[in-house]
Amino acid sequence: MLDKKNLIKYVFDVYVYSILVFFINRTSRHTEYPVETILAIPPWRLQMLGTYLPILLLVIVAVLFGFVTLLLSSLIGPKKSSRIKLAPYECGCEPVGTARERFSIKFYLIAMLFILFDIEAVFLYPWAILYKKLGVFGLVEMGVFILILFVGYIYVWKKGALEWD
Amino acid sequence: METLFFLIVSIVAIASAVMVIACRNPINSALSLILTFFCLATYYVMLDAPFLAAVQVMVYAGAIMVLIVFTIMLLNIRIDATRRHSHMIFFGSIVGFATLFNTVYIVMKSRAATPATTVNVEALKAGHTELIGREMFTNFLLPFEITSILLLVAIVGAVVIAKKKI
């Protein structure tokens, strides 16, 4: 019933769970409230910081990976520099002009439009969570919001701002 | 444990904020600013505000930073140009200190108004994102719809300013 593969997975799960429990117990800040109040809160919200532990581990591993890789290559890598090696790499061609070129305004336009529609997307998240509670009222509300921005989208499209000319 | 974590994040936040104004290369300043934004997102998580944390990373560390980096690349600031504009440091520090005093004043005032333990049980029961949504789609319905007009104006403005031939 419990073959080797399942056993390893089981041991790993118990290990991760015990770390989580340890972290949750240490970071619980809700002890000053009476028991009934705490029981009314859904458990996944009470264990807020504990549930963020994987993200914290990811950040730590990512930062360590960057630092350790750079440190190791600077410590044990050979350093014999020549003029050609130190030249900036431009797809194997000879570098032309300086690296500090002025960029086209077209990039700025794309970035600006990206931000504006990004903010529109941010408003969709709370609406999506409340979708069932708001019902038709919420649908109409968000419909008006999207419609006004859709006018902007049509304007951008018709003016050719999305084209790279 | 949490106090220790808070201290570590604070040190990183202050160090990266100092790097923003101390770096000579504007691109380095922009990258330090991303780190500051991530520290702020961590604070929001610690204050039980995960929606704000997500918005902080998505809009500020993502979109606004793209805009700042593009602006730096557009303006093409040379490193030796910083010496010519040294008189701006004086006016910049006046604005900076005014903002600092303003922030300290608001924090002191709000701390006097609310009790020391600020764990909002109501917010935890309903969930932070749902609470924001409920307020936004009922009490603040008109401001929410006006936001779309504001975004529309910004879209039109961006096209008019940045497009060569309209």
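The values are calculated or read from the model by the stated rules, or taken from the named source; none is laboratory data. As the structure is a prediction and not an experimental result, all values here were calculated from the model. Quick reminder, even Gly has a Cβ in these numbers, built from the backbone with ideal geometry, and neighbours come from all protein chains shown. These accessible areas exclude ligands, DNA and RNA; they are computed on the full protein's heavy atoms, side chains included. Shrake-Rupley method; radii C 1.70, N 1.55, O 1.52, S 1.80 Å.
When residues in the range B:135-166 are screened for being part of a helix (DSSP H, G or I) and among the aromatic types (Phe, Trp, Tyr), 2 of them pass. Is it true that some residue in the range B:63-71 is over 16 Å from the mean Cα position of the chain (by Cα), of a type in the set (A, V, I, L, M, F, W, C), surrounded by fewer than 17 Cβ atoms within 10 Å (Cβ to Cβ) and modelled with pLDDT under 90? No: zero hits. Remark: B:Thr103 falls outside the filter, which requires a residue to be assigned to a helix (DSSP H, G or I), open to solvent by less than 90 Å² (accessible area, probe 1.4 Å) and at pLDDT below 85.
I'd like the full set of residues that are in a helix (DSSP H, G or I), within 14 Å of chain A (Cβ to nearest Cβ) and over 21 Å from A:Leu57 (Cβ atoms), limited to the range B:29-51.
B:Ala30, B:Leu31, B:Phe51
Contact annotation: residue pairs with Cβ atoms under 9 Å, 6 or more positions apart or on different chains, pairing a residue in the range A:86-114 that is more than 14 Å from every other protein chain (Cβ to nearest Cβ) with a partner that is hydroxyl-bearing (Ser, Thr, Tyr) and part of a loop (DSSP other than H, G, I, E, B), are A:Pro95/A:Tyr89.
Among residues of the range B:12-28 being touching a residue at least 40 places away in the same chain (Cβ under 8 Å) and assigned to a helix (DSSP H, G or I), the one that is farthest from B:Phe97 (Cα to Cα) is B:Ile27. Might you check whether a residue that is touching a Ser or Thr at 6+ places or on another chain (Cβ under 6 Å) and either more than 30 Å from B:Val159 (Cβ to Cβ) or at the interface with chain B (Cβ under 10 Å from one of its Cβ atoms) (or both) occurs anywhere in the range A:154-161? Checked against the condition, which is being touching a Ser or Thr at 6+ places or on another chain (Cβ under 6 Å) and either more than 30 Å from B:Val159 (Cβ to Cβ) or at the interface with chain B (Cβ under 10 Å from one of its Cβ atoms) (or both), the range A:154-161 yields no hits at all.
Need a quick list: helices (runs of 4 or more DSSP H) entirely within the range A:14-108 having at least 2 residues that are loosely packed, with under 10 Cβ neighbours inside 10 Å and modelled with pLDDT under 65.
It comes to A:35-40.
Residues that are farther than 15 Å from A:Glu120 by Cα and open to solvent by 70 Å² or more (accessible area, probe 1.4 Å) within the range B:139-159 comprise B:Asn139, B:Phe140, B:Leu142, listed in sequence order.
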